[in-house]
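The structure appears below as structure tokens.
The values are calculated or read from the model by the stated rules, or taken from the named source; none is laboratory data. Owing to the predicted nature of the structure, the values given are computational and were not obtained by experimental measurement. Cβ placement follows ideal geometry from the backbone for every residue including glycine, while neighbour counts extend to all protein chains displayed. Just so you know, the surface numbers come from the protein's heavy atoms only, side chains and all, with ligands and any DNA or RNA stripped out. Shrake-Rupley method; radii C 1.70, N 1.55, O 1.52, S 1.80 Å.
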Amino acid sequence: MADITVRPMTSDDADRVLAIYQAGLDGGDASFETTAPTWAAFDASKLPDHRLVAVGADGIALGWVAVSPTSSRAVYAGVVEHSIYVDPAAQGRGVARLLLDALIASTDAAGIWTIQSGVFPENAASLALHQRAGFRVIGTRERIGRHHGRWRDVVLLERRSPAIA
């Protein structure tokens, strides 16, 4: 992992970020979405201070993580939902853990007290990653939405920051 670094995401990363996103969607167990958004839509939906990419020694993005607010209400200002995607060719190299650790450091420093995520139960690697990073399973939302013509469950996970009193 010494050849992988994490840095802030910029608009120069747009094509690579969206390609990695689409590859994850094409795998079938990452999201209810089936098509990556435009960069403008992605940019508008993610908080700018918590968008990170992991890059190899060649500077090419191997994965990304970003957060969206869960609500516009002030009381939920410290609660975000995150997405994390890794290029299929880079999986198994610790990229996701580097990204998630960097995101946790970023959100803790910003006073965000809860990071949440919804993961399909079939995505065992993502569930294990999150639990190793201190997320806990809140529960399973059964048959919460249809995806490719079938009902899917979603496991709701959250991490409460011990740094925020």
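State the number of residues belonging to the stretch 96-111 that are in contact with a strand residue (DSSP E or B) (Cβ under 9 Å, 6 or more places away or on another chain) and either open to solvent by less than 60 Å² (accessible area, probe 1.4 Å) or at positive phi (or both).
Looking only at the stretch 96-111, we keep the residues that are in contact with a strand residue (DSSP E or B) (Cβ under 9 Å, 6 or more places away or on another chain), and these are 96, 98-104, 106-107.
Narrowing further to those that are either open to solvent by less than 60 Å² (accessible area, probe 1.4 Å) or at positive phi (or both): 96, 98-100, 102-104, 106-107.
Total satisfying the criteria: 9.
What number of residues within the stretch 93-115 are in contact with a helix residue (DSSP H, G or I) (Cβ under 9 Å, 6 or more places away or on another chain) and either under 12 Å from Ala54 (Cα atoms) or among the small types (Gly, Ala, Ser) (or both)?
Result for the stretch 93-115: 6.
So Gly111 ticks every box in (1) assigned to a loop (DSSP other than H, G, I, E, B); (2) free of Cβ contacts under 8 Å to residues at least 12 places away in the same chain but one. Which box is left unticked?
If we test Gly111 against (1) assigned to a loop (DSSP other than H, G, I, E, B); (2) free of Cβ contacts under 8 Å to residues at least 12 places away in the same chain, just (2) comes out false.
Looking only at the stretch 1-15, count every residue that is open to solvent by less than 80 Å² (accessible area, probe 1.4 Å) and under 22 Å from Arg93 (Cα atoms) and tell me the total.
7
Could you list, ordered by first residue, the pairs with Cβ atoms under 6 Å in which the first is in the stretch 76-94 and within 10 Å of Gly63 (Cα to Cα) and touching a residue at least 12 places away in the same chain (Cβ under 8 Å) and the second is open to solvent by 70 Å² or more (accessible area, probe 1.4 Å) and assigned to a helix (DSSP H, G or I), at least 6 apart or interchain?
none
Within the stretch 98-106, can one find any residue that is touching a Ser or Thr at 6+ places or on another chain (Cβ under 7 Å) and modelled with pLDDT of 95 or more?
Checked against the condition, which is being touching a Ser or Thr at 6+ places or on another chain (Cβ under 7 Å) and modelled with pLDDT of 95 or more, the stretch 98-106 yields no hits at all.
Using beta carbons and a limit of 9 Å, which pairs, at least six apart or on different chains, have the first residue in the stretch 19-42 and among the polar types (S, T, N, Q) and the second one assigned to a helix (DSSP H, G or I)?
From the stretch 19-42, the pairs are Ser31/Tyr21; Ser31/Gly24; Ser31/Leu25; Thr34/Leu25; Thr34/Asp26; Thr35/Gln22; Thr35/Leu25; Thr38/Leu18.
For the stretch 114-133, how many residues are open to solvent by 50 Å² or more (accessible area, probe 1.4 Å) and either in a loop (DSSP other than H, G, I, E, B) or among the hydrophobic types (A, V, I, L, M, F, W, C) (or both)?
Looking only at that region, the number is 4.
For the stretch 138-151, check the following and say yes or no: at least one residue is within 16 Å of the chain's Cα centre (by Cα) and modelled with pLDDT of 95 or more.
No, there is no match, as no residue in the stretch 138-151 is within 16 Å of the chain's Cα centre (by Cα) and modelled with pLDDT of 95 or more.
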